[in-house]
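Trainee: This structure is in structure tokens; I'll ask about it shortly.
The values are calculated or read from the model by the stated rules, or taken from the named source; none is laboratory data. Since the model is a prediction, treat every value here as computed from it, not as a measurement. We place every Cβ from the backbone using ideal geometry, glycine too, and count neighbours over all the protein chains shown. Keep in mind that these areas ignore ligands, DNA and RNA; they rest on the heavy atoms of the full protein, side chains included. Shrake-Rupley method; radii C 1.70, N 1.55, O 1.52, S 1.80 Å.
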Amino acid sequence: MIKINIEDEAEYSRLRNEYLKRISKYVRFNKEDIVPEEVSEKSKDDKEDLTKKTANELKNKYTNLYNYLFDKGSDEVNKEKLRCLLAGPEEMPRSFGGCGEKQTMLECLDGIIAACSIPEESEKEAATAARKCCQTIFNYDRFVKEQDDAYWLLRNLHVRVCPYCNQIYTVTLPSPEELREGEIFKTTRATFDHFYSKSEYPYLAVSLFNLIPSCSVCNSNKSNKKEKIIYPYDQEFGKNAVFRVIPDFSQEEPEKEGNILNFLCGQSDSFYIKFMGKEDIYLSSDLRVEERLSGIEDAELRERIITSIGRFKLEEIYKEHKQEIRDILRNRYYFDENYVKTVICPMLREKMGENKKDSDEVDRMAMDMLFFSNIRVEEWGQRPLSKLVSDILEQLSELS
């Protein structure tokens with residue numbers, strides 16, 4: 001639902017390079033093939049030639065992956081392809097805000113998949129052999145068991161809320177190396193969802209941009225289904241699919257004199273929460289999500305959004321947040337735009353003194369403070385329900 005934001009090319013490069021250093025211990029290739037600046041010629045001579053061992057195994061058990069990673073007719077690994085498989089292309093894709101050759105990271109992963117297909121299930125023994133050798137070459141089980149590097153990755157992706165649902169914190173408690181003396185370490189961290197499942201695509205088991213920090217509920221709901229859902233490193237619902245509150249005409253509230261719009265003041269539960277296109281308000285609760293989102297022009301994005309809504313049961317989940325939605329509606333009713341601009345914003349400017357920010361920034365701070373949320377799209381990954389709050393406030397602003 002929300003995007004995992006990587007700030008700029010410098011941050012992308014730092015994340016990628018550090019990940020390559022850390023992941024090298026879980027990947028059966030010579031370290032200099034993954035992190036060339038880390039290994040001297042002496043250390044290279046003193047150790048087993050892991051790359052050659054891997055080449056020989058892949059030649060016999062997984063020809064497609066061998067042909068992708070190794071230069072034709074030799075056991076010299078193509079370092080650029082190996083590093084791309086493990087941590088994305090050297091140049092940041094355009095979907096991240098970079099100027100790289102790749103338009104999206106998904107395009108990069110799909111290119112690898114197209115070149116490295118596992119033997120068909122009709123060739124059961126060959127498919128099993130290919131998967132088993134990948135489990136040894138790309139050791140995900142050890143990566144998560146040893147913890148430190150998994151913790152490091154979760155911390156450095158800077159997303160604190162599940163990107164699939166935006167309703168559950170993916171809090172990562174201190175890693176073993178961060179504990180103070182005498183403290184006892186207890187495993188508490190988000191799960192990693194393999195966007196492309198490690199059972200079907202075992203060569204992507206430890207690939208940085210195939211790992212999505214997620215809550216256990218979404219990880220379970222997604223399972224290994226082969227469906228086109230939102231890919232959080234490239235895509236998000238954004239303002240293509242937005243939460244909208246609509247009246248529930250099926251309920252009667254005689255004590256409220258039948259005023260169906262009472263819910264807009266936070267005084268009633270007589271409403272539904274549905275996804276709609278940004279410019280659309282449909283009052284029928286029975287309209288299928290495909291119809292409500294038919295206005296999204298990008299057909300592939302529309303398909304991924306619709307599938308994600310169903311796969312993660314987002315509308316079913318969010319209808320359980322009626323109390324939070326009532327709080328948003330009530331607070332916005334009492335603290336309308338005029339109150340924010342004439343009372344709260346001047347108070348903030350006075351408190352900040354010489355550190356005054358521009359008007360838009362102060363307005364945003366005021367709204368974040370009132371609704372205990374992060375209104376800006378790029379900050380939705382910092383607090384649960386931020387997209388919900390932002391979308392509802394936008395709807396109320398349009399109605400006023």
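Trainee: Say whether the condition of being over 17 Å from Q167 (Cα atoms), in contact (Cβ under 8 Å) with a residue 60 or more places away in the chain and either open to solvent by 50 Å² or more (accessible area, probe 1.4 Å) or aromatic (F, W, Y) (or both) is met by at least one residue in region 368-388.
Mentor: no
Trainee: Of the residues that make up region 37-50, is at least one surrounded by 15 or more Cβ atoms within 10 Å (Cβ to Cβ), outside any helix (DSSP H, G or I), modelled with pLDDT under 95 and more than 31 Å from the chain's Cα centre (by Cα)?
Mentor: yes
Trainee: Let me ask you something else. Would you confirm, using the coordinates I've provided, whether M365 is open to solvent by 80 Å² or more (accessible area, probe 1.4 Å), outside any loop (DSSP other than H, G, I, E, B) and touching a residue at least 12 places away in the same chain (Cβ under 8 Å)?
Mentor: no
Trainee: Among (1) more than 22 Å from L264 (Cα to Cα); (2) among the polar types (S, T, N, Q); (3) under 21 Å from the mean Cα position of the chain (by Cα), where does S359 come up short?
Mentor: With respect to (1) more than 22 Å from L264 (Cα to Cα); (2) among the polar types (S, T, N, Q); (3) under 21 Å from the mean Cα position of the chain (by Cα), S359 is out only on (3).
Trainee: Output the number of the condition that N56 fails; it satisfies all remaining conditions of (1) modelled with pLDDT of 95 or more; (2) over 24 Å from the mean Cα position of the chain (by Cα).
Mentor: Evaluating N56 over (1) modelled with pLDDT of 95 or more; (2) over 24 Å from the mean Cα position of the chain (by Cα) leaves (1) as the failure.
Trainee: Next up: Among the residues of region 322-333, are any outside any loop (DSSP other than H, G, I, E, B), basic (K, R), open to solvent by less than 70 Å² (accessible area, probe 1.4 Å) and over 17 Å from F243 (Cβ atoms)?
Mentor: no
Trainee: Would region 77-100 turn up any residue that is more than 30 Å from the chain's Cα centre (by Cα) and in a loop (DSSP other than H, G, I, E, B)?
Mentor: As a first pass, look at region 77-100 and keep what is more than 30 Å from the chain's Cα centre (by Cα): 77.
Checking which are in a loop (DSSP other than H, G, I, E, B) leaves us with none.
No, every residue in region 77-100 fails to be more than 30 Å from the chain's Cα centre (by Cα) and in a loop (DSSP other than H, G, I, E, B).
Listed here are the residues, each with its yes/no results for (1) over 20 Å from T51 (Cβ atoms); (2) at pLDDT below 90; (3) of a type outside the set (A, V, I, L, M).
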position: C133; (1), (2), (3): no, no, yes
position: I137; (1), (2), (3): no, no, no
position: Q147; (1), (2), (3): yes, yes, yes
position: Y151; (1), (2), (3): yes, yes, yes
position: L154; (1), (2), (3): yes, yes, no
position: C162; (1), (2), (3): yes, no, yes
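Trainee: Right, here's the next one. Where the second residue is part of a helix (DSSP H, G or I) and of a type in the set (S, T, N, Q) and the first is touching a residue at least 40 places away in the same chain (Cβ under 8 Å) and under 13 Å from Y201 (Cβ atoms) and lies in region 99-115, which pairs have Cβ atoms under 7 Å and are six or more apart or on separate chains?
Mentor: Close Cβ pairs (under 7 Å, with a partner that is part of a helix (DSSP H, G or I) and of a type in the set (S, T, N, Q)) amount to L109/N210; A115/N64.
Trainee: Further question: Exposed (fewer than 13 other Cβ atoms within 10 Å of the Cβ), assigned to a helix (DSSP H, G or I) and touching a helix residue (DSSP H, G or I) at 6+ places or on another chain (Cβ under 7 Å): is that true of E290 in this structure?
Mentor: Taking the combined requirement at face value, the residue satisfies it.
Trainee: Quick one: in region 286-317, which of the residues that are among the polar types (S, T, N, Q) and at pLDDT 95 or above is farthest from D327 (Cα to Cα)? If you could, list the steps in order and put the result at the bottom.
Mentor: As a first pass, look at region 286-317 and keep what is among the polar types (S, T, N, Q): 294, 307-308.
Keeping just the survivors that are at pLDDT 95 or above gives 307-308.
Values: T307: 29, S308: 27 Å.
Only one residue tops the list, namely T307.
Trainee: Do we find that T307 is surrounded by fewer than 18 Cβ atoms within 10 Å (Cβ to Cβ), out of contact with any helix residue (DSSP H, G or I) (no Cβ under 8 Å at 6 or more places or on another chain), hydroxyl-bearing (S, T, Y) and closer than 22 Å to Y164 by Cα in this structure?
Mentor: Judged against the criteria, T307 is a match.
Trainee: Follow-up. May I ask you to say which residue of L283, L261 is part of a helix (DSSP H, G or I), over 30 Å from T63 (Cβ atoms) and modelled with pLDDT under 90?
Mentor: L261
Trainee: Same structure again: From the list K198, K222, K239, K226, which residue is crowded, with 21+ Cβ neighbours inside 10 Å and either out of contact with any Lys or Arg (no Cβ under 9 Å at 6 or more places or on another chain) or modelled with pLDDT under 95 (or both)?
Mentor: After applying the criteria, what remains is K198.
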